[in-house]
Structures are given as structure tokens and as C-alpha cells.
Amino acid sequence: MDPEPQQPLTVNQCIEQIAQKLEGADLHYGHGAIDAHSEALWIVSKQLDLSPAEALDHLEDAITQNLQQKAFTIADTRISTRKPLAYILGEAWLMGVPFFCSEQSIVPRSWIAELIVDGSLEPWLPADGKALDLCTGNGSLAILLALTCPDIHVSACDISMPALSIAARNLDRHGLNSQVELLDGDLWDALPEPNEDNLFDLIICNPPYVNATSMAALPAEYQAEPELALAGGDDGMDLIRRILAYAPDYLSERGAILLEIGNEYENFKKAFPQIPAIWMEVSAGEEQVLLIQAEDLR
């Protein structure tokens, strides 16, 4: 007697099996997913051509054996390469918005995205205002700003032309080429000389800020990202010193700069004890992102 055909898995069963596989592989998370189950959901949703959130509405649907196999193959690649899943899939999600993603830029995951979407930055974004995304990478924060505040103009700059090429693809994807301009250059060198007509109401920046000791201990997933986008020197503040030295020249009178510094709170306080920073609450706590008003920098 022929054996009974294997029952097809449901979406949920496929997710659970992949999650178990990932959990046993000593992987590091934090590139758009917080744990093995989140990555398994992401892997399976991609095969279904759904967002991870949409896939949650289809957990009891059957998934074809072909798509199952594709999902398990991706999980095997994740385990064998230790690369961030976003690089393997070529796509990342931030605040429910999809972005093309490649090893030419870091995986978008900035806590600043939460503040953009929840409206915390609106006091510094007047109608017809101007914003700058410094160190834009693949353009995700600039795009979230533009989508959230369709009346503002956003400039976005980066030193990496390969990263800007991904940003350009993401602008096309979201139809924002007329609202967001991309500029190539090393921090302020990317911008024209400041004058009364080209000052910014808000500057946001997720710069390279990882200190040298932490850089040496990064897991393989982070080592797969461009070092240029992560390394911040001995105390993590090298780029931030350059940013804050010239930010007042580019801010409007009532403007502000928003900086992500990650786990470098103590190093920031030591490097800039005189600056009255406003610490912004995000899901990771109150020491990850800070806002400085223009008047406190001058």
C-alpha cells in the first residue's frame, strides 16, 4: 500500500518549524526582527508576497510545498551565512513600510522611525518646512518623513554612492522623487553653503556611533554591514562631533537636530556635558535618541 501523502503545512505550522530551526542555530537578531519567531514570520510572509502583518491574517491557510521549500532554503541560508535576513530577502520593513535593502547600506532599524510616525517631531515640522536626513543610508528615514508629512521638503545625504543608489530605488518605489532630494557628500560637504533661504527646520541623523571596543565584539550579522556606517571612533563620537560643530549653521532659528546614539549615552554625556539635550522616549528607552534645539547649540 502506498504511504499516505504528507499533509500540507499551514502558514502557522511553517512559521513554527522555521522558528525552531533558527532557534537552534545561535543567531543574532536585531536587524528588523527581534527573535527567531519574528524572522520566521518574515521569511514565510515574503514567500506569500504579503507583509509580515498581513501574513498574521492567513495563519490557518495552507502553504504549498514549493513555497515551504523556498522558505526553508532561506532559513538554511540565514544559518549558514549569518547575514541579516534583510540582505538575503533584499527587503526590510520599518514601521510597516517596505524598503529595498542590500549590503551596500545598513539594514534600516533606527529608533528615530518611531518618533517620525507617532507625531513626536511635528512641533519642528511646520507646513512647507524643510528637513534634512543626514547619513540617510538607503533613505528609509527620509522616506518615512515624507510619507508622514507630505507638505514638507526633505533633503537626504550620504557619503556612500552605493547606499544612495539603493535610496534612489526606494524613492522610486514610493513615488517620492519630487519631495525628497538625494545629495552625495561627506556630512555637510554634501550641502550648499547655508543662507537664509536654505536652512532646515529639522535635521535627523542616525550616524555611525559604535565605539571601537564594541566594534571589535560585533556579531557576524553586524560585521556583514558596511563598517563605514557603524564605526564612530574610540568613543563613538567622532562623526557626532563634526555634526554638532556645524549643525547650528544649517538650522533655522527655531530648528532642532535629532540624533540617535544607541548605547553610547555615557560617551555622549562625557563628550558634550555643556549641551542641554532633550532625551526622547522610544521603545528601547530614554537614552537612545536625543533632540537639541538650535538655540542650545549656538
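So is Val117 open to solvent by 60 Å² or more (accessible area, probe 1.4 Å), hydrophobic (A, V, I, L, M, F, W, C) and closer than 30 Å to Leu228 by Cα or not?
In short, yes.
Criterion first (among the polar types (S, T, N, Q) and touching a residue at least 60 places away in the same chain (Cβ under 8 Å)) does Gln288 satisfy it?
Considered against the rule, which asks whether it is among the polar types (S, T, N, Q) and touching a residue at least 60 places away in the same chain (Cβ under 8 Å), Gln288 comes out as yes.
Give the residues of segment 40-54 that are part of a loop (DSSP other than H, G, I, E, B) and exposed (fewer than 15 other Cβ atoms within 10 Å of the Cβ), sorted by residue number.
The answer is Asp49, and nothing else.
Just a yes or no: is a residue in segment 8-15 closer than 28 Å to Ser140 by Cα and open to solvent by less than 70 Å² (accessible area, probe 1.4 Å)?
Let us first name the residues in segment 8-15 that are closer than 28 Å to Ser140 by Cα, namely 15.
Restricting the remaining residues to those that are open to solvent by less than 70 Å² (accessible area, probe 1.4 Å) gives 15.
Yes: one or more hits.
Scan segment 221-238 for residues that are open to solvent by less than 40 Å² (accessible area, probe 1.4 Å), within 19 Å of the chain's Cα centre (by Cα) and of a type in the set (A, V, I, L, M, F, W, C) and jot them down.
Filtering segment 221-238 down to residues open to solvent by less than 40 Å² (accessible area, probe 1.4 Å) leaves 221, 224-226, 229-233, 235-237.
With within 19 Å of the chain's Cα centre (by Cα) added as a condition, the list becomes 221, 224-226, 229-232, 236.
Result: Ala224, Ala229, Leu230, Ala231.
Has segment 17-29 got any residue that is more than 26 Å from Asn138 (Cα to Cα) and in contact with a His (Cβ under 7 Å, 6 or more places away or on another chain)?
Looking through segment 17-29, at least one residue is more than 26 Å from Asn138 (Cα to Cα) and in contact with a His (Cβ under 7 Å, 6 or more places away or on another chain).
Give the residue that is least open to solvent (accessible area, probe 1.4 Å), with candidates limited to residues of segment 271-291 that are assigned to a loop (DSSP other than H, G, I, E, B) and under 19 Å from Gly232 (Cα atoms). Explain how you work it out, then say what you get.
In the first step, residues of segment 271-291 are kept if they are assigned to a loop (DSSP other than H, G, I, E, B); the result is 272-277, 283-284.
From what is left, the residues that are under 19 Å from Gly232 (Cα atoms) are 272-273.
Numbers: Phe272: 21, Pro273: 103 Å².
For segment 271-291, the residue satisfying everything is Phe272.
Among the residues of segment 179-220, write down those that are within 14 Å of Leu132 (Cα to Cα), open to solvent by less than 40 Å² (accessible area, probe 1.4 Å) and aliphatic (A, V, I, L, M).
Val180, Leu183, Leu187, Ala190, Leu191, Leu202, Ile203, Ile204
Quick check on Glu295: is it of a type outside the set (Ser, Thr, Tyr), in a strand (DSSP E or B), out of contact with any Lys or Arg (no Cβ under 7 Å at 6 or more places or on another chain) and free of Cβ contacts under 8 Å to residues at least 60 places away in the same chain?
So Glu295 fails the test.
The values are calculated or read from the model by the stated rules, or taken from the named source; none is laboratory data. Model, not experiment: these values are computed from the prediction. No Cβ is skipped: glycine too gets one built from the backbone with ideal geometry, and neighbour counts run over all protein chains shown. Please note that ligands, DNA and RNA were not included when accessible areas were found on the heavy atoms of the full protein model with its side chains. Shrake-Rupley method; radii C 1.70, N 1.55, O 1.52, S 1.80 Å.
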